[in-house]
Amino acid sequence: MSPVPGRIALADEDTVEALARAVPARFYALVLLLRFTGLRWDEAVALRRRRCYVLEGSIEVAERAVLTASGVKFRPLSSRDYGWVSVRDGLRDALAAHLACFVPRHRNALVFCEESGAPLVRKAFEHDVWRPALAAVGLLEADHRIEALGTARLWEWMHEATAQRASLRAGSDERQGATNE
C-alpha cells in the first residue's frame, strides 16, 4: 500500500490481524473497524448499538466523543462529517460477535467501552492496550517511527481516515444521487 502523505504506510492485513489478536478480545473488532472503515477514534468510541446495521453491512456515523474536564461527552457530528460507512465481510462478522458478547442489548449502549461500561479514553487505551499490543507484535522495537509518534499518529497509522472516508462518502453520495433521480 502506498503511504498517505504525512503519514507512515498502512499496516498490511496480516499485521492488522496480529494487532487485533494482541489486544483483549473486547477490542478486537475496534482495531478492525478503525483500520477497515476509516472511522476516526472519536467516532468509533461514540458508536452506539442502534447505529450498527450489521446484517446490511453498514454503520451510521453520527456522533463523536470529546474528552472534557468533566469526562467524556458525546456531540453530534456536523452535516459534513455525518454519514454511513460500509463494513466488509470479515469486519461484519467480528462486529456481530462483538455486539453479541460485549454490548448490552439497549439501543443506546456504547459499542466500544471499558468493561465497566465507561467510555474509552484514547490516552488510557493507548497506554493500557495499544502500546502493549504494538510491543507484542514487535512493532515498537522494529519501527522507531511508531515509537516517536503521538497518540493521534498511532491511530492514523492504523487507518487512512481522510482518504478512505472521502472515498466511501463519494460512493455513498453517488448511490444516493442515483436513488433520488
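The values are calculated or read from the model by the stated rules, or taken from the named source; none is laboratory data. These numbers come from a predicted model, not from an experiment. As a convention, Cβ positions derive from the backbone with ideal geometry for all residues, glycine included, and neighbour counts pool all protein chains shown. Ligands, DNA and RNA are stripped out before the accessible areas are found, and what is left, the full protein with its side chains, is counted by its heavy atoms. Shrake-Rupley method; radii C 1.70, N 1.55, O 1.52, S 1.80 Å.
Points to keep in mind about this one:
- Residues in region 23-41 that are under 19 Å from residue 86 (Cα atoms), in a helix (DSSP H, G or I) and open to solvent by 40 Å² or more (accessible area, probe 1.4 Å): 28 only.
- In region 72-85, the residues that are surrounded by 12 or more Cβ atoms within 10 Å (Cβ to Cβ) reach residues that are outside any strand (DSSP E or B) with C-beta atoms within less than 6 angstrom, at least six apart or across chains, in these pairs: 74/46; 77/62; 82/62; 83/169; 84/172; 85/37; 85/168.
- Residue check, residue 69 over 15 Å from the mean Cα position of the chain (by Cα), at pLDDT below 55 and surrounded by fewer than 13 Cβ atoms within 10 Å (Cβ to Cβ): no
- Some residue of region 157-164 being among the aromatic types (Phe, Trp, Tyr) and modelled with pLDDT of 50 or more: no
- Options 92, 107, 64; residue that is assigned to a loop (DSSP other than H, G, I, E, B) and of a type in the set (Lys, Arg): 107
- Just one of the listed residues (9, 46, 20, 97) is at pLDDT 95 or above and either surrounded by 15 or more Cβ atoms within 10 Å (Cβ to Cβ) or in a loop (DSSP other than H, G, I, E, B) (or both), namely 46.
For every residue, the table says whether it meets (1) basic (Lys, Arg); (2) under 18 Å from residue 66 (Cβ atoms); (3) without any contact (Cβ under 8 Å) to a residue 60 or more places away in the chain.
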| residue | (1), (2), (3) |
| --- | --- |
| 91 | no, no, no |
| 101 | no, no, no |
| 105 | yes, no, yes |
| 109 | no, no, no |
| 116 | no, no, yes |
| 128 | no, no, yes |
| 132 | no, no, no |
